[in-house]
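Below: the structure, in structure tokens.
The values are calculated or read from the model by the stated rules, or taken from the named source; none is laboratory data. In this text, all values refer to a predicted model and were calculated from it rather than measured experimentally. Counting neighbours? That spans all protein chains shown, and the Cβs are built from the backbone with ideal geometry, glycine included.
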Amino acid sequence: MSEEQIKNLEKQFEERILRDEKIEPKDWMPEKYRQTHIRQMSQHAHSEVVGMLPEGNWITRAPSLRRKVALLAKIQDEAGHGLYLYSACETLGVSRNELYDQLHSGKAKYSSIFNYPTVTWADMGAIGWLVDGAAIINQVPLCNTSYGPYARAMIRVCKEESFHQRQGYEIMMKLANGTPEQKELAQDALNRWWWPSLMMLGPTDAESVHTEQSMKWKLKRKSNDDLRQQFIDQTVPQAELIGLTIPDPDLKWNEENKSYDFGDINWDEFWQVVKGHGPCNKERMKARVGAWEEGEWVRDAAMAYAEKKQERKQKQAV
Amino acid sequence: MSKKHWPLWEIFVRSKNGLEHRHFGSLHAADAEMALENARDVYTRRNEGVSIWVVESKNITASNPEHNGELFEPAQDKVYRHPTFYDLPDEVKHM
């Protein structure tokens, strides 16, 4: 194809997106569109998969059967969300194994929030309430993104995510209304998860490198700073309702903007964690790679069994 | 050892009797039986279905969007295939 033909195709492509048409796997697309989507969708899938690890820590120690079944169901959903997203990503011509390799070799990133430890049961509450809350704010606009398979996967993810946040808030509520020690656990979890949750919505608009192009492709509908503000404005009253204090002395209602002003975020910490120096980066990757490698014989055995069954069937047919 | 990876399967789910099977997504499995079992866990955790079909992805032949012109445009100028093409007096009811 000549350069002019490609320019022409690109123009038609941008116009289709502008008209809110969806792009489907076999449609022509600019190489950059494909690459950007593979990057974002696989990061998203990796985050779901790694996100199971901090919560897995508490399954056997959940305080009641009710909490245990809910936590198990939530973690199973996360595995499911990872699988929806991987399969959507594969429609762009990348294989599942390439995607796993990118995660396991450290080439691909996942959400930095999962590199923080879960040290008490209250962390299960804080993760559901704050981390899933922030994720929902990020994900709802993606239900309208331009790439069809991604949008369809996101619709399913968002439908399921709301239970995650509600079960988390319920845990926090129960602890906050419990004994002084239980309330302290809840407050301590909020103290530790609040700032990482704000960081989770991404670097400030001034520092965000992908925003403009992503807005055009509807991979992003609102800027990181807008999403963060939305998260803060909706979460602060929820904390007040259960008598917990947001760990930010500069947090103040701004009557003029009808939203909260908040203190400075420690972006050095964010970049340290992204670069691999968070409290649990190594532990998470070790668990993930370990699960993959130790499961290899199971995958091979299943494949060998399937082939044997197939052969037997063919012999009988003769 | 063989390095054969589990193939990709396309999953179709009937959400309730009376409706058709609809494409839900895909997943990897060693064989059709495992694809069915995995599809149940991945796509029907909340009563989304009463029946599942699995088809190995490589067995699907898809039309090429680049040929959409010759495939689908000929239907566009055949207005006589639609009931509104025919002028009938108002007195004729229910037709």
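Couple of notes before you dig in:
- Flag for A:THR235 being part of a helix (DSSP H, G or I), modelled with pLDDT of 95 or more, touching a Leu at 6+ places or on another chain (Cβ under 9 Å) and under 23 Å from A:ARG166 (Cα atoms): yes
- In the set B:GLU56, B:GLU37, B:GLU66, B:GLU48, only one residue is within 14 Å of another protein chain (Cβ to nearest Cβ) and touching a helix residue (DSSP H, G or I) at 6+ places or on another chain (Cβ under 8 Å); that residue is B:GLU56.
- Number of the exception - A:TYR305 against (1) among the hydroxyl-bearing types (Ser, Thr, Tyr); (2) touching a strand residue (DSSP E or B) at 6+ places or on another chain (Cβ under 9 Å); (3) within 14 Å of another protein chain (Cβ to nearest Cβ): (2)
- Options A:TRP194, A:TRP271, A:TRP253; residue that is on the phi < 0 side of the Ramachandran plot and either in a loop (DSSP other than H, G, I, E, B) or surrounded by 15 or more Cβ atoms within 10 Å (Cβ to Cβ) (or both): A:TRP194
- Some residue of region A:61-76 being within 13 Å of another protein chain (Cβ to nearest Cβ), free of Cβ contacts under 8 Å to residues at least 12 places away in the same chain and farther than 18 Å from A:PHE163 by Cα: no
Per-residue answers, yes or no, for (1) more than 30 Å from B:ASP31 (Cβ to Cβ); (2) out of contact with any helix residue (DSSP H, G or I) (no Cβ under 8 Å at 6 or more places or on another chain); (3) surrounded by 11 or more Cβ atoms within 10 Å (Cβ to Cβ):
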residue: A:PRO237; (1), (2), (3): yes, yes, no
residue: A:ILE246; (1), (2), (3): yes, no, yes
residue: A:LYS258; (1), (2), (3): yes, yes, no
residue: A:ASP261; (1), (2), (3): yes, yes, yes
residue: A:ARG284; (1), (2), (3): yes, no, yes
residue: A:GLU294; (1), (2), (3): no, yes, no
residue: A:ARG299; (1), (2), (3): no, yes, yes
residue: A:ALA306; (1), (2), (3): no, no, yes
residue: A:GLN314; (1), (2), (3): no, yes, no
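- Only one entry of A:MET173, A:MET200 meets the criterion of being out of contact with any Ser or Thr (no Cβ under 7 Å at 6 or more places or on another chain), surrounded by 17 or more Cβ atoms within 10 Å (Cβ to Cβ) and farther than 30 Å from A:GLU10 by Cβ, and that entry is A:MET173.
- All conditions but one from (1) more than 14 Å from the chain's Cα centre (by Cα); (2) away from chain B (no Cβ under 12 Å); (3) of a type in the set (D, E, K, R) apply to A:ASP132; the one that does not is (1).
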